[in-house]
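Read through the structure below, which is laid out as structure tokens, and then see the notes.
The values are calculated or read from the model by the stated rules, or taken from the named source; none is laboratory data. All of these numbers come straight from a predicted model, not from anything done at the bench. Neighbour counts are summed over all protein chains in view; Cβ atoms, including those assigned to glycine, are modelled from backbone coordinates with ideal geometry. The area values use the complete protein model at the heavy-atom level, side chains included, leaving out ligands, DNA and RNA. Shrake-Rupley method; radii C 1.70, N 1.55, O 1.52, S 1.80 Å.
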Amino acid sequence: MRNMKNRGQGRNFRPKSQQDEKAFQPEKKKLNLVKKGDEEIRLNKYIANSGVCSRREADKLIADGEITVNGQVVTELGAKVCKRDEVLYKGKPLMVEKKVYLLLNKPRGFVTTLDDPHAEHTVMELVDSACDERIYPVGRLDKETSGVLLFTNDGELAKKLTHPSYEKKKIYHVFLNVDFDEAHLSQIQQGFELEDGFIKADSISFVDSADKKQVGIEIHSGRNRIVRRIFAHFGYKVARLDRVYFAGLTKKNLPRGNWRFLTPKEINFLKMS
């Protein structure tokens with residue numbers, strides 16, 4: 001019995017032949033050289049990088065069968081493509097664009113829209129010659145409101161800056177038709193009910209203690225015409241409204257009606273904040 005056991009152990013531990021050793025050596029992996037343009041990225045990121053929409057919205061386009069890659073409808077959310085692939089949305093090719101970030105000091109009298117046949121002037125006229133890429137405004141300022149307005153073709157960042165959950169700070173300089181009552185100042189600070197829900201200012205104060213018609217208000221709500229409606233609730237008419245701050249950006253040293261590209265530092269701040 002002992003000899004049989006030893007023989008069994010001998011079979012298990014006998015030295016491997018050179019051929020056996022070769023068979024058990026890990027196979028060396030060949031390096032695949034990726035040519036420029038062959039790098040794969042997720043399809044939703046490719047769509048977002050083309051400036052059409054955010055990644056989340058791109059997922060919906062994919063799931064709804066709105067996207068074709070090289071002539072085939074793709075509905076798999078994890079699908080990947082490379083820059084050489086032909087990606088179509090509504091039959092039109094999507095191209096990955098260079099990201100553009102531009103700040104406009106919007107004047108009064110311009111509608112914040114890409115195209116409106118009924119508008120005499122749109123903000124797109126003011127930035128038409130800025131770049132070859134298709135950019136669009138982030139958020140909205142009404143026709144008679146001036147001030148800071150951001151443009152970009154970065155759909156993901158635009159979604160982030162305008163979504164209510166991110167609560168991006170906005171500061172407005174308000175010019176009223178009559179002196180502002182300090183009692184209303186505290187009411188706006190504490191909050192009150194409008195027809196579409198509760199609203200309160202993050203901060204509110206007089207811009208100039210000698211001029212009670214000028215008020216500065218900080219707010220993060222993105223509701224339509226919210227600043228004008230706040231003051232209208234207390235019986236005031238806003239004679240002029242100027243947005244002086246949006247998500248860390250100001251119109252300092254930027255004349256009304258002019259634009260400039262954001263600095264790398266400003267772009268990084270927007271993406272990281």
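Brief remarks follow.
- Lone qualifier among N105, N70 - being touching a Lys or Arg at 6+ places or on another chain (Cβ under 7 Å) and not aromatic (F, W, Y): N105
- Of all the listed residues (G155, G147), the sole one being at positive phi and open to solvent by less than 20 Å² (accessible area, probe 1.4 Å) is G147.
- Any hit, region 213-220, residues being in contact with a Pro (Cβ under 9 Å, 6 or more places away or on another chain) and open to solvent by 20 Å² or more (accessible area, probe 1.4 Å): yes
- Any pair with Cβ under 8 angstrom, 6 or more apart, that starts in region 70-90 at a residue that is without any contact (Cβ under 8 Å) to a residue 40 or more places away in the chain and closer than 14 Å to I41 by Cα and ends at one that is loosely packed, with under 12 Cβ neighbours inside 10 Å and of a type in the set (S, T, N, Q): D85/N70; E86/N70
- Considered as a group, the residues in region 72-90 that are open to solvent by 60 Å² or more (accessible area, probe 1.4 Å) and not charged (D, E, K, R) include one that is farthest from V123 (Cα to Cα), and that residue is Q72.
- Test: residue in region 31-38 that is surrounded by 10 or more Cβ atoms within 10 Å (Cβ to Cβ) and either modelled with pLDDT of 50 or more or touching a helix residue (DSSP H, G or I) at 6+ places or on another chain (Cβ under 6 Å) (or both): yes
- Options R223, R229, R260; residue that is at pLDDT below 95, open to solvent by 40 Å² or more (accessible area, probe 1.4 Å) and within 29 Å of T122 (Cα to Cα): R223
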